[in-house]
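A short write-up of the structure that comes next.
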Amino acid sequence: MTKTIKALLFDKDGTLFDFHATWGVWCAGFIADVSEGDAVLAATLAKAMDYDLENSAFLPSSVMITDSMDGIMDAVHSALPHWDRLELTEYVIETGSKAPQSPVTDLGLLLDRFRANGLKIGLATNDNEAPARAHLNSVGILEQFDFVSGCDTGFGAKPEPGMLLGFSDAMGLHPSEVAMVGDSTHDLRAGRAAGMMNIAVLTGPAVTEGLAPYADVVLRDIGEIPEWLGLD
């Protein structure tokens, strides 16, 4: 197996699930719901979230891509100051937890293959832990994860390495035995800070040129990992 990797730690959005197919659709519905037909309010909220209403897609600079829940709520609440922030946060988490996920491949089969090769499997997301678990459970893969951490779990958020080191510690592994798999520079910067191998994938908004400087390899999607690692 390549470089004695014993565990894989995955980002969620843009890595396990296609980012635009999942969150682009959710955001369109969320904006329509909270703006209640007010086109000016809808445009203001879309601008705050760096969301292209016409194409139902996030711009690369969007906080939905680059930030944790606190940062996302700063942006959302700035456009909806008449909402109580706590109630708004709860509403975002509630609706986001129910957002239909779009897996990038047959995740169950892929994770089974990793586990059959003795790999430990973890999740480190800047989403909150509860919706992250709901999303994994919605496609029947939650039980295949040995570790799930969100930005509110207690390890901090990426690009800081806390979640990543929490995983390696929990698995009893040296960070060099773990590969961080992600679609953003936040994921890969966290991987570098933790001393892990970095596998970048192109199922999020970022492109090869932006990811390559931080990655040991850039793959089309996580389905290419078994061949790259030389798994059975």
### Message
Two decimals, Cα atoms only, Kirkwood Rh: what is Rg/Rh over the range 20-97?
### Response
0.91
### Query
Which is the longest stretch in the chain that no exposed loop site breaks, taking sites as GluC sites (Glu not before Pro) with a DSSP loop state and at most 14 other Cβ atoms within 10 Å?
55-232
### Query
What is the distance, in nm, between label points placed 7 Å from the Cα along the Cα-to-Cβ direction at Asp232 and at Glu36?
6.1 nm
## Note on the structure
With 0.36 nm assigned to each residue of separation and the Cα-Cα distance removed, Glu224 to Thr105 gains 41.8 nm
### Task
Select from the range 50-119 those trypsin sites (Lys or Arg not before Pro) which occupy a DSSP coil region and have at most 14 other Cβ atoms within 10 Å, ordered by residue number.
Lys98
### Task
Give me the angle, in degrees from 0 to 90, between the Cα long axis of helix 107-116 and the longest principal axis of the Cα atoms of the chain, rounded to the nearest 10.
30 degrees
### Selected from Pro81, Pro100, Pro175 as most flexible by GNM, with the chain as the system and alpha-carbon contacts under 10 Å
Pro81
### Query
Could you give the angle, 0 to 90 degrees to the nearest 10, between helix 85-97's Cα long axis and the longest principal axis of the Cα atoms of the chain?
50 degrees
## Note on the structure
Expected sort for Tyr214, Tyr91 with the fewest Cβ neighbours (10 Å cutoff) up front is Tyr91, Tyr214
### Query
Counting other C-beta atoms within 10 Å, which of Ile222, Ile93 has the fewest, and how do the rest follow?
Ile93, Ile222
### Query
Amide H of Leu219: which non-local residues (sequence gap of 5 or more, or other chain) have their own amide H closer than 5 Å, using H built in the peptide plane?
Ala200, Val201, Leu202
### Query
Hey, which lysines would be in cross-link range of Lys158, C-alpha to C-alpha under 22 Å, not counting anything within fewer than 8 residues on its own chain?
Lys6, Lys12, Lys120
### Query
Order of Asp18, Asp33 from fewest to most other C-beta atoms within 10 Å?
Asp33, Asp18
### Summary
For the chain, the longest principal axis of the Cα atoms and the Cα long axis of helix 129-138 enclose an angle in degrees, to the nearest 10, of 80 degrees
#### Entry: Projected label distance in nm at Ser138 and Leu202, using a 7 Å step from Cα toward the beta-carbon
2.7 nm
### Message
If each residue of separation counts as 0.36 nm, what is the full-extension length gain between Leu59 and Glu94 once their alpha-carbon separation is subtracted?
### Response
10.2 nm
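Each value in this text was obtained by applying a stated rule to the coordinates, not by laboratory testing. Remember, predicted model here, so these are calculated numbers, not experimental data. Here the Cβ is made from the backbone with ideal geometry for all residues, glycine too, and neighbour counts use every protein chain on show.
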